[in-house]
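Student: The structure under discussion is supplied below as structure tokens; questions concerning it will follow.
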């Protein structure tokens with residue numbers, strides 16, 4: 001049974017931890033608001049961009065003049081997985097869930113006889129996947145020194161991916177990230193970016209409203225690299241909001257757990273202290289009766 005001194009030290013230690021988790025929760029809440037606004041502000045542009053691209057892609061169809069970023073290499077043998085996670089931990093299952101989805105994709109592709117290559121963005125994803133798939137790594141992008149992720153960072157990542165594609169290093173590229181829903185819900189998502197795929201936008205694609213010059217193929221050849229950068233930038237923004245939401249939720253749970261632990265330790269401390277006082281009173285009364 002721990003002594004009164006041990007219990008008191010432990011109570012003070014848990015109180016200090018609770019102060020830290022509470023402060024981290026407040027910091028995450030402040031960052032979440034900005035990150036959520038950035039992610040939500042980027043969605044309309046990305047959706048409209050994809051709608052226009054979908055219209056152009058449907059016009060081009062499977063013609064021989066279609067850009068390689070749309071038609072692909074004609075093969076499906078080598079897959080590049082771009083796994084985007086956070087640079088820091090203490091955000092619940094945010095990083096683990098993205099890594100889990102990537103591992104499942106790796107297992108699926110390797111079972112089908114495909115060659116898999118992994119490019120990580122974020123330290124935590126690299127650490128999580130390196131234990132099992134170190135031999136598949138082809139690169140890593142460190143954003144630890146970046147205070148605020150911007151479009152320039154997405155362009156740099158996209159250019160690296162495009163250079164690898166032009167060099168014939170892979171046939172299909174897929175990005176992995178967490179889509180922000182709310183503070184307690186972040187959905188791990190896999191999105192193919194090369195060859196470009198677009199959701200069916202119905203009739204609202206702009207194809208019926210505009211005549212494009214010089215041609216759909218030429219415009220696609222110019223816009224598709226920007227589409228890769230846009231997809232990566234949107235994923236980075238979604239990841240930023242998801243990370244802060246997950247951290248806020250995790251620190252809130254940690255703060256409440258610390259409070260419950262303090263209450264239990266305080267009850268145990270009071271009981272032990274009462275037992276010590278009772279024993280001392282029994283000794284005094286026994287001594288007095290002996291005299």
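Student: Which one of 121, 141, 161, 181 is in contact with a strand residue (DSSP E or B) (Cβ under 7 Å, 6 or more places away or on another chain), farther than 25 Å from residue 36 by Cα and modelled with pLDDT under 95?
Tutor: 161
Student: Could you tell me which of the residues 7, 56, 32 is closer than 27 Å to residue 268 by Cβ and in contact (Cβ under 8 Å) with a residue 60 or more places away in the chain?
Tutor: The unique qualifying residue is 7.
Student: A further question on this structure: As an exercise: evaluate residue 12 against (1) over 27 Å from the mean Cα position of the chain (by Cα); (2) under 30 Å from residue 114 (Cα atoms); (3) modelled with pLDDT of 85 or more and give the number of the one condition it does not meet.
Tutor: For residue 12, the exception is condition (2).
Student: Scan the stretch 189-218 for residues that are under 26 Å from residue 79 (Cβ atoms), at pLDDT 70 or above and assigned to a loop (DSSP other than H, G, I, E, B) and jot them down.
Tutor: Selection gives 195, 196, 197, 198.
Student: Continuing with this model, one more query. For the stretch 105-132, which positions are surrounded by fewer than 18 Cβ atoms within 10 Å (Cβ to Cβ) and more than 24 Å from residue 233 (Cα to Cα)?
Tutor: The answer is 107, 108, 110, 111, 112, 113, 114, 115, 130, 131, 132.
The values are calculated or read from the model by the stated rules, or taken from the named source; none is laboratory data. What you see is a predicted model, and the numbers here were worked out from it, not measured in a lab. A quick note on method: Cβ atoms are made from the backbone with ideal geometry, for glycine too, and the neighbour counts reach across all protein chains shown.
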